[in-house]
Amino acid sequence: MASVKAKPNLLPQDIATLNVNELNPLTPYVISRQATINIGTIGHVAHGKSTVVKAISGVQTVRFTSEFKRNITIKLGYANAKIFKCDNQECPRPGCYKSYRSNTEDSPNCERPGCGGKMHLLRHVSFVDCPGHDVLMATMLNGAAVMDAALLLIAGNESCPQPQTSEHIAAIEIMNLKNIIILQNKIDLVKEAAAQEQYGQILKFIQGTIAEGCPIIPISAQMKYNIDVICEYIVKKIPIPPRDFTSDPRMIVIRSFDVNKPGSRVDELKGGVAGGSILKGVLKIGDEIEVRPGVISKELDGKMKCSPIFSKIVSLFAEENELQYAVPGGLIGVGTKIDPTLCRADRLVGQVLGSVGKLPEIFTTLEVNFFLLRRLLGVKSEGDKQNKVKKLSKDDTLMVNIGSTSTGCRVIAVKHDLAKLALLTPVCTQEGEKIALSRRVDKNWRLIGWGEIQRGMSEKA
Amino acid sequence: MNKTDKYFENKRKCMFQEWYPTFKQVTFSSTIIPLPKIFIDYLNSDHFVSNEQEFPQYRNDDPEFLDDESWSTPRRSTIVDSKYYQSYGSDSDSDSDDSDDSNDDDKKKNSRIIKESEFQHLLDEIKSIITKYGGYVLPKLNWSAPKDATFMNAFCTLKCSTPTDVFLLLKSSDFINHDLAQFETNEQDDDLTITPYVLVLRKWQNLTESMEFRCFVKDKKLLGISQRDTSTYYSFLKDKKESIQESIESFFNQNIKDKFSQDSYTFDAYVTKENKVWLIDFNPIHPSTDSLLFDWEEFFPELIVDDEESTPISEQDKLKLIQDLEFRLIENREGIRPNLAMESRLPMDLKDSSQSSAINDLLEKFKDKLQ
Ligand SMILES: Nc1nc2c(ncn2[C@@H]2O[C@H](COP(=O)(O)OP(=O)(O)OP(=O)(O)O)[C@@H](O)[C@H]2O)c(=O)[nH]1
Ligand SMILES: [Mg+2]
Ligand SMILES: [Zn+2]
């Protein structure tokens with residue numbers, strides 16, 4: 001990654017001339033400003049996942065090097081990058097491919113001395129730390145392919161298979177990822193013969209798995225060796241994902257905040273900001289939107305009440321880039337006219353944002369068809385009684401994951417494999433949706449089973 | 001807390017009940033309730049039930065829905081592998097012998113069943129404190145608030161209006177677990193014995209996260225100030241940086257420096273729009289305190305122990321020791337970042353850092369389920 005500090009010169013977006021039927025994940029006006037392809041990065045922390053993402057995207061991660069820290073694991077989350085190719089035919093591959101930060105102008109000069117070519121923007125990708133637990137859970141519940149491809153990292157200075165590698169492959173299978181690129185990292189630390197030998201081990205290891213036949217690239221993220229090869233493969237091997245741009249837009253909120261200076265006058269107050277990933281459709285500045293379930297409050301008689309929020313989009317952004325309209329891909333920030341105090345401290349996390357009147361229903365109580373695991377996961381010994389999953393009973397307090405929402409619930413009644421659950425926070429969802437159930441065991445939330453929503457009850461109007 | 005912990009004294013002095021009496025005037029109104037052993041056992045127990053009257057309720061549009069008798073016919077779109085999943089068919093299931101569980105589990109520490117009515121006195125006390133503070137409070141124990149458990153709160157915050165709201169948060173939080181692991185309670189003690197633990201109820205304030213700052217003090221010298229919500233860029237902070245720093249410095253000199261019992265520690269400050277500073281909390285110099293935009297190494301290089309997991313750092317990468325006050329903010333908009341604290345909203349089984357191969361197991365079973 002090279003740093004282009006120059007003020008970005010991005011293509012202007014114009015809602016007046018926008019025709020969503022003509023948009024696709026390669027539309028120049030879109031990829032000039034936002035990512036349209038999601039790539040999961042899978043691998044053990046110490047194997048250099050964040051270094052690779054940094055080498056490609058230029059997004060700096062925080063370093064935690066010592067035990068004197070609560071989180072040793074580096075959590076990157078999301079990072080976007082633009083991938084370019086030099087338009088000079090003479091410019092040799094793979095060096096003619098290059099990646100820059102998301103805010104880079106669309107046709108920087110080729111950096112090869114004496115080339116004189118212009119770089120041409122081909123892709124705008126979003127790297128997602130994977131299997132991020134949320135991504136994994138969402139995929140398991142919805143079956144939807146959140147990721148379009150994956151980079152699987154293997155440390156070149158260790159023998160293959162490494163602990164966890166088979167787990168990673170299993171995760172890739174679950175996420176139904178067909179497009180995988182294996183990166184043999186830290187190649188600078190080993191002799192060529194050793195790298196060759198490991199290459200053979202990897203080939204053998206992936207035989208018969210979903211990763212069979214995928215490209216294996218030796219790289220050094222530290223020395224930035226072969227990063228251009230990764231870029232070339234991303235362009236050539238990862239197919240353009242099919243996307244639904246024409247349905248009513250829907251976004252899952254994963255962040256919400258209030259960016260105002262305390263004490264701002266009403267007329268200078270900025271509305272609340274919601275951030276998340278768009279599942280389908282296109283969000284545009286000026287759109288009237290609804291957020292469900294909305295504001296939760298307590299009435300004088302002690303009963304809880306939820307009121308959906310109605311508002312308008314006033315700004316959109318992807319990383320640092322301002323947008324006029326946003327499509328699925330990466331994480332999108334949505335500036336609204338919502339009372340900012342309602343957005344403080346992630347209060348809207350797990351809620352759904354979309355067109356007015358087009359969102360699923362809001363349920364306060366669910367009837368679910370559930371199936372419980374016999375014993376807790378990861379426990380091999382059959383005899384161990386403590387690890388048996390107890391049946392559900394009335395009044396149990398559980399954690400329930402529905403789509404990307406989690407909330408607490410109380411079991412109201414159970415009959416065979418049906419249960420009624422009173423939710424702590426209402427959920428915007430629909431019948432047939434899958435849920436995960438967890439219970440407190442040894443003071444941890446442990447998965448005890450899955451379920452499917454049979455029907456839901458809404459709040460009385 | 002194990003006494004060999006080298007940071008023990010520092011940590012103990014940061015307990016709420018240790019500092020609150022001295023700093024009452026400069027922090028939010030709070031009430032400290034010493035906790036009896038029965039309540040600690042209740043928090044430690046896996047038994048987690050809520051009764052209908054206490055659990056938050058919404059107005060129903062269909063009373064029949066809640067009926068024990070009215071059930072729909074399951075769609076059964078999902079096929080279940082009986083090797084992994086319990087079955088409920090008419091044929092008796094040899095493995096679903098729940099009946100004898102209770103006897104077996106009695107010996108297990110976490111399984112004691114304690115009803116809330118067994119500590120009625122405490123319940124009443126919490127209720128009256130909530131009323132005293134105008135209806136809403138924020139709960140915490142000696143050190144920690146259950147910030148990781150906001151999904152177990154109807155408002156998705158730490159705002160509680162009933163004792164049940166408080167218990168739901170406390171029983172769901174790993175941060176609270178962390179506090180509960182600091183002192184051994186004696187199994188032999190009777191239920192009413194007062195433990196070293198306290199429940200703190202603080203009057204609910206409508207705070208703006210952007211105005212919370214963590215301040216680092218070494219040898220009575222204020223060396224660092226960091227934005228506390230490090231996941232968000234607040235553009236207005238740049239312009240206010242100087243005035244915020246001045247306010248915090250003078251607050252520190254007047255109200256903290258010579259009054260706190262320790263020489264090195266961190267404290268959290270809230271700055272109002274009039275630049276008045278409030279104290280939120282003290283935190284020890286300890287790995288469990290988040291150093292936010294600083295690295296502990298920049299203040300206390302002597303405490304850093306390199307372990308095998310970490311990548312060795314070269315001399316040139318070593319961080320510079322901070323000797324004069326530095327104020328760090330998130331300086332540019334980087335777009336939306338996920339809030340990492342949200343990880344606690346998912347079952348532990350999905351965390352790949354765990355020793356067990358739970359993820360693998362999960363994936364295997366899930367795959368089977370699909371087939
Ligand atoms: N809205 C609101 N938030 C509050 C209030 N009191 C505290 N908070 C928030 O709750 C968070 C936790 O409070 P602390 O007492 O600092 O929690 P803690 O567990 O000591 O936190 P760490 O030291 O970071 O582990 C703070 O960051 C505040 O944002 C309140 O009255 N109202
Ligand atoms: Mg604290
Ligand atoms: Zn060139």
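Annotations
- Of all residues making up the range A:257-309, the number that are more than 12 Å from every other protein chain (Cβ to nearest Cβ), among the hydrophobic types (A, V, I, L, M, F, W, C) and without any contact (Cβ under 8 Å) to a residue 40 or more places away in the chain: 2
- Lone qualifier among B:E246, B:E212 - being within 16 Å of ligand 2 (Cβ to nearest atom) and modelled with pLDDT of 95 or more: B:E212
- Hey, A:K178 in a loop (DSSP other than H, G, I, E, B), basic (K, R) and away from every other protein chain (no Cβ under 14 Å) or not: yes
- Residues in the range A:160-199 that are open to solvent by less than 30 Å² (accessible area, probe 1.4 Å), at pLDDT below 85 and polar (S, T, N, Q): A:Q162, A:T165.
- Taking each residue of the range B:265-289 that is modelled with pLDDT of 90 or more and looking for partners that are within 16 Å of ligand 3 (Cβ to nearest atom) and not charged (D, E, K, R) with beta-carbon atoms closer than 6 Å, six or more apart or interchain, yields nothing.
- Looking across the range B:253-288, just one residue is within 11 Å of ligand 2 (Cβ to nearest atom) and at the interface with another protein chain (Cβ under 8 Å from one of its Cβ atoms), and that is B:S288.
- Evaluation of A:V282 against the conditions (1) in contact with a Pro (Cβ under 7 Å, 6 or more places away or on another chain); (2) modelled with pLDDT under 95 shows that the sole unmet condition is (2).
- Condition met for A:T405 (open to solvent by 10 Å² or more (accessible area, probe 1.4 Å) and either at pLDDT 90 or above or within 8 Å of another protein chain (Cβ to nearest Cβ) (or both)): no
- Looking only at residues of the range A:84-102 that are more than 21 Å from A:F317 (Cα to Cα), among the basic types (K, R) and outside any loop (DSSP other than H, G, I, E, B), we find that the one that is nearest to ligand 1 (Cβ to nearest atom) is A:K98.
- Within the range B:191-217, considering residues that are more than 14 Å from chain A (Cβ to nearest Cβ) and of a type in the set (K, R), the one farthest from ligand 3 (Cβ to nearest atom): B:K203
- Boolean, B:I194 is closer than 20 Å to A:L424 by Cβ and among the hydrophobic types (A, V, I, L, M, F, W, C): no
- Residue that is nearest to ligand 2 (Cβ to nearest atom), among those in the range A:88-102 that are under 31 Å from the mean Cα position of the chain (by Cα) and open to solvent by less than 20 Å² (accessible area, probe 1.4 Å): A:S102
- 1 or more residues more than 14 Å from the chain's Cα centre (by Cα): qualifying helices (runs of 4 or more DSSP H) within the range B:120-184: B:120-132, B:163-172
- Qualifying positions in the range A:215-256 - under 21 Å from the mean Cα position of the chain (by Cα) and within 14 Å of chain B (Cβ to nearest Cβ): A:M251, A:I252, A:V253, A:I254, A:R255, A:S256
- Residue within the range B:207-219 that is closer than 28 Å to A:C409 by Cβ and aromatic (F, W, Y) present: no
- Counted residues, the range B:209-242 - those being within 30 Å of B:E302 (Cβ to Cβ), open to solvent by 10 Å² or more (accessible area, probe 1.4 Å) and either out of contact with any strand residue (DSSP E or B) (no Cβ under 9 Å at 6 or more places or on another chain) or of a type in the set (V, I, T) (or both): 4
- Test: B:R59 is at pLDDT 85 or above, facing chain A (nearest Cβ under 9 Å) and open to solvent by 40 Å² or more (accessible area, probe 1.4 Å): yes
- Residues in the range B:187-208 that are open to solvent by 30 Å² or more (accessible area, probe 1.4 Å), farther than 27 Å from B:R328 by Cβ, of a type in the set (S, T, N, Q) and in contact (Cβ under 8 Å) with a residue 24 or more places away in the chain: B:T193 only.
- Selection count, the range A:420-461, where residues are more than 7 Å from every other protein chain (Cβ to nearest Cβ), open to solvent by less than 10 Å² (accessible area, probe 1.4 Å) and over 25 Å from B:S173 (Cα atoms): 2
- Residue check for B:Q25: open to solvent by 50 Å² or more (accessible area, probe 1.4 Å) and under 30 Å from B:V277 (Cα atoms): yes
- For A:R292, the requirement of being modelled with pLDDT under 95 and open to solvent by 10 Å² or more (accessible area, probe 1.4 Å) is not met.
- For the range B:131-167, filtering for residues that are open to solvent by 10 Å² or more (accessible area, probe 1.4 Å), under 23 Å from B:H47 (Cβ atoms) and free of Cβ contacts under 8 Å to residues at least 60 places away in the same chain leaves 2.
- Of all residues making up the range B:140-174, the number that are more than 10 Å from ligand 1 (Cβ to nearest atom), more than 10 Å from chain A (Cβ to nearest Cβ) and touching a strand residue (DSSP E or B) at 6+ places or on another chain (Cβ under 8 Å): 3
- Complete set of residues in the range B:243-292 that are basic (K, R) and surrounded by 14 or more Cβ atoms within 10 Å (Cβ to Cβ): B:K257
- Residues located in the range A:310-334, provided they are more than 12 Å from every other protein chain (Cβ to nearest Cβ) and of a type in the set (S, T, N, Q): A:S311, A:Q324
- All positions within the range A:103-131 that are outside any strand (DSSP E or B), modelled with pLDDT under 90 and crowded, with 24+ Cβ neighbours inside 10 Å: A:P131
The values are calculated or read from the model by the stated rules, or taken from the named source; none is laboratory data. Just so you know, these numbers come straight off a predicted model, no measurement behind them. Virtual Cβ from ideal backbone geometry, glycine too; neighbours counted across all protein chains shown. Side chains are part of the model used for accessible areas, which takes the heavy atoms of the whole protein and leaves out ligands, DNA and RNA. Shrake-Rupley method; radii C 1.70, N 1.55, O 1.52, S 1.80 Å.
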